Amino acid sequence: QSTWGNLRISTQMEQPTKRARTADNELGPINPKLLDPENVKRLSEEYLTKAPYPHCVLHELTSKEFLENVKEELLQLQGHYKETDLFKVYQSPDFCNIDMNPEAAKQLTHITQLRDALYSPSFREFMATITHSGPLSTKTDMAGNVYTQGYHLLNHDDVIGTRKISYIIYLSDDDWKETDGGSLELYASVEKEGTKIPDCIPTARVLPLFNTMGLFTVVPGQSFHAVQEVYSAEKKRVSIQGWFHADTAPEGSENASLQQVKRFCDQVAGPWHSIQNPSAAVALTDDLKFLEQFGVNPVYLKPQNIHGAREQFQSQGFLQLQKFLKPTLANEAFRALVAADQLDRLGNNQYPNDHSGMLSNQWERVGPPHIQRFMMLREETDPSKADDLAKILSQLRDELVCSSAFSNFVQAITGVEVASRRVIARRFRAGLDYTVATAPDTDGARLDVSLCFVDSLDEEKNELWDSGDCGGFECYIRAEDETNPEVVAVYNHHSTDDEGVINISPVFNTITFVLRQTNTMRFVKYLAASAPGSRAEVFAEYHVVEGNDDEGATEEKSEQ
């Protein structure tokens, strides 16, 4: 569903005059014991000692009855479904607008009381004292969020504008457990090339327990955090999220996670390798024989099929070929992938372990998590020490995709001339991994090629992958649409290229070709724990020779 509740908050009406409040009643429903001088002193001292960075959790923020009423009112609101590369969540309108609609204000009395108490002078002074933040402005900034199964918010540092303290008031069920997911994850930062980036694994997790308030100081390059995926199918993670603001933006905002993402454009690690004589009209006969002997489906090696596929690619800009490898080789990859997921206990709604995926020392975890997280096969793989998944993926990477025969085949079936390539083999683990949309490449178009393996062999699993509900699909989006809320803030998994979005569902033993222009960003959507298993792939990225796709040469290759 795209919304929950049916009560709207209008922002089109004139704001009424605010009622005067006295110091005696401004804290309203807030537990007065929190502001006891001894408690304030204790919280202030403990705040600075917390790892990985200063934070704390306030317990019994209000009475249980009052907060139950807040929750009931929140779930009446017309919250909207929002999904991007970074999050998947239901979100309410900003509560600062409640007073603009007298009818809504009458039905949201408890939310209004809580808002006014939180942003009262006394509570702002309390916040500033325990967090050592300095004076806080009167700006109100809060809204409700609801996370259901599979919903999440990926790693970021919250640095936008003048935000100073981030807080979350939890309205979830009393019996929330660690295995339900939805924890607030806090990440330590490490310095790399003069910039602070988050570690791949969280240092601490805070459970979303009812009537608690988690908070931390917003610091560029330090306050990295995420909302862990909600794993429970029965429980909703309900919360009020907000910020206390300063009068000015924090120092070092140029190093905030959002700015790092905008600068980062190199998701595929590794050196570029030149492709010899890319424009030469070399006969494909020997190349096609090699590919068939290796295990490529001979249907795709017939000249008439190459010609037809090329026409489709040049018309649409992308192409998918299913059952790309012969059954013997494909089944070997399938067995290795399923065995790896069983060993790591991943997929099918199992609670993931942060350290899963280290099947052998041939794998390494790739980050940083505010940009990407997945397991990558090392460039130099020792077969004698490799697990079965590493063996088959390294074989496909080194012997197939890195071969000159494959590069010639890529040019023939796409009609695109390429000059160099780089290749990685990687695994996206269910409940853990993803990439986010980063800055598009500025030095020319790219041709992306992915040979993908997922557990999609029965109808139910295939439908789940195709629905996009479990993530793991690849998304291409035009960079100029980055600020368009209709495209980015709420995009549909089945959006079309006409809307500036191409989504490609993962299918077992399928190779995908996508021509990515310089104004295009890409990402692999967070793979939920409900997925049937991991997404494994050999991914190749090619530099396209600009202004010369050498279609005549590829035509000649196909005919030969």
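Candidates are the residues of the stretch 180-197 that are within 18 Å of the chain's Cα centre (by Cα) and modelled with pLDDT of 95 or more; the one that is farthest from Asp157 (Cα to Cα) is Gly181. Scanning the stretch 173-182 for residues that are crowded, with 22+ Cβ neighbours inside 10 Å and part of a loop (DSSP other than H, G, I, E, B) gives a single hit, Gly182. From the list Arg335, Arg365, Arg378, the lone residue that is open to solvent by 40 Å² or more (accessible area, probe 1.4 Å) and in contact with a Cys (Cβ under 6 Å, 6 or more places away or on another chain) is Arg365.
Yes or no: the stretch 62-73 includes at least one residue that is closer than 29 Å to Gln228 by Cα and part of a strand (DSSP E or B).
Let us first name the residues in the stretch 62-73 that are closer than 29 Å to Gln228 by Cα, namely 62-73.
Next, only the ones that are part of a strand (DSSP E or B) stay: none.
The answer is no; no qualifying residue exists.
Among the residues making up the stretch 188-232, a single one is open to solvent by 20 Å² or more (accessible area, probe 1.4 Å), of a type in the set (Asp, Glu) and touching a residue at least 24 places away in the same chain (Cβ under 8 Å): Asp199. Just one of (1) more than 30 Å from Cys470 (Cα to Cα); (2) open to solvent by 30 Å² or more (accessible area, probe 1.4 Å); (3) in contact with a Ser or Thr (Cβ under 8 Å, 6 or more places away or on another chain) fails for Phe318. It is (1). Counting the residues of the stretch 398-415 that are at negative phi and either open to solvent by less than 10 Å² (accessible area, probe 1.4 Å) or in contact with a Ser or Thr (Cβ under 7 Å, 6 or more places away or on another chain) (or both) gives 11.
Mind listing just one residue for me: the one in the stretch 513-533 that is part of a loop (DSSP other than H, G, I, E, B) and among the polar types (S, T, N, Q) and, of those, nearest to Gly431 (Cα to Cα)? Steps first, please.
Narrowing the stretch 513-533 to residues part of a loop (DSSP other than H, G, I, E, B): 517-519, 525-533.
If we keep only those that are among the polar types (S, T, N, Q) too, we end up with 517-519, 530.
Details: Gln517: 31, Thr518: 31, Asn519: 30, Ser530: 8 Å.
Among those residues, the one meeting the criterion is Ser530.
The values are calculated or read from the model by the stated rules, or taken from the named source; none is laboratory data. No experiment lies behind these values; they were computed from the predicted model shown. Quick reminder, even Gly has a Cβ in these numbers, built from the backbone with ideal geometry, and neighbours come from all protein chains shown. SASA here: full protein model, heavy atoms, side chains in, ligands and nucleic acids out. Shrake-Rupley method; radii C 1.70, N 1.55, O 1.52, S 1.80 Å.
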